[in-house]
Amino acid sequence: MSHLVAPSLLSANFLDLGTQIRMVNHSEADWFHLDVMDGVFVPNISFGFPIIEKISALASKPLDVHLMIIDPDRYIERFRNAGAAIITVHYEACTHLHRTLETIQKSGAKAGVALNPHTPVLLLKDIVYLADVVLLMSVNPGFGGQKFIEHTYHKINELQELISKVKASALIEVDGGVDMMNAPKIVSGGANILVAGNTVFGNVDPMKIIHELKNV
Ligand code: DX5
Ligand code: ZN
């Protein structure tokens, strides 16, 4: 499988969201990446259900919803109903992660688990078989436009080894600071999904950058 590209709308122009969504629809991007922040798990607040419902109505590609919120179990059904195709929760925010991933899958969505930069990959040893996606944060979550943490390459390797060791099928998603300089190494290292916010929406020609990210 060639890798997927998921533009993060966090860096999009919210005054002109419709145009940006149509651009992603017409581009070679595979998913929309939507960052939901609660101001508690991360020091920022982004957007919630009303915005996601509107995005869902216009988007022609799956919505990859990254929940940076505490106690996400309370809202899984609502994110699914708002249009989420993939729901990713943080390892650090879930006391009963096994139950949470099962609840996501029962809702009909794919289930993802995200790790902060400081969280060891090996903590997923007894749960990775259940995940459809593992998202490695390559910046500290909360903001777009930050610098890629180089140690992530090592975590991608470790995660690949873990996935093959336990014969799991989770896709590896890398989120934060992805640009045209590091994307080739992230993909050749084993990532299956590239999230890119600032690199896509901060560029004068986002369609072209998406094309380039698809072809690294
Ligand atoms: C950060 C978010 C990312 C962010 C990526 O907390 O999870 O998805 O939007 O943005 P860039 O690509 O600009 O680092
Ligand atoms: Zn994200």
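Here are a few things to note about the model shown:
- Taken together, the residues in the range 34-44 that are in a strand (DSSP E or B), under 17 Å from Val139 (Cα atoms) and either among the β-branched types (Val, Ile, Thr) or open to solvent by 40 Å² or more (accessible area, probe 1.4 Å) (or both) amount to 1.
- From the list Ser164, Ser138, Ser169, Ser188, the one residue that fits, being in contact with a strand residue (DSSP E or B) (Cβ under 9 Å, 6 or more places away or on another chain) and of a type in the set (Ser, Thr, Tyr), is Ser138.
- Looking only at residues of the range 59-74 that are of a type outside the set (D, E, K, R) and open to solvent by 70 Å² or more (accessible area, probe 1.4 Å), we find that the one that is farthest from ligand 2 (Cβ to nearest atom) is Ser60.
- Restricting Val121, Val133 to those that are at pLDDT 95 or above, within 16 Å of ligand 2 (Cβ to nearest atom), of a type in the set (Val, Ile, Thr) and open to solvent by less than 10 Å² (accessible area, probe 1.4 Å) reduces the list to Val133.
- Residue ID - nearest to ligand 2 (Cβ to nearest atom), chosen from residues in the range 177-209 that are open to solvent by less than 30 Å² (accessible area, probe 1.4 Å) and farther than 19 Å from Phe32 by Cα: Ile186
The values are calculated or read from the model by the stated rules, or taken from the named source; none is laboratory data. Note that the structure is a prediction, hence the values are computed from the model and not measured. As a convention, Cβ positions derive from the backbone with ideal geometry for all residues, glycine included, and neighbour counts pool all protein chains shown. For the accessible areas, the whole protein counts, side chains as well, though only heavy atoms, and no ligand, DNA or RNA atoms are used. Shrake-Rupley method; radii C 1.70, N 1.55, O 1.52, S 1.80 Å.
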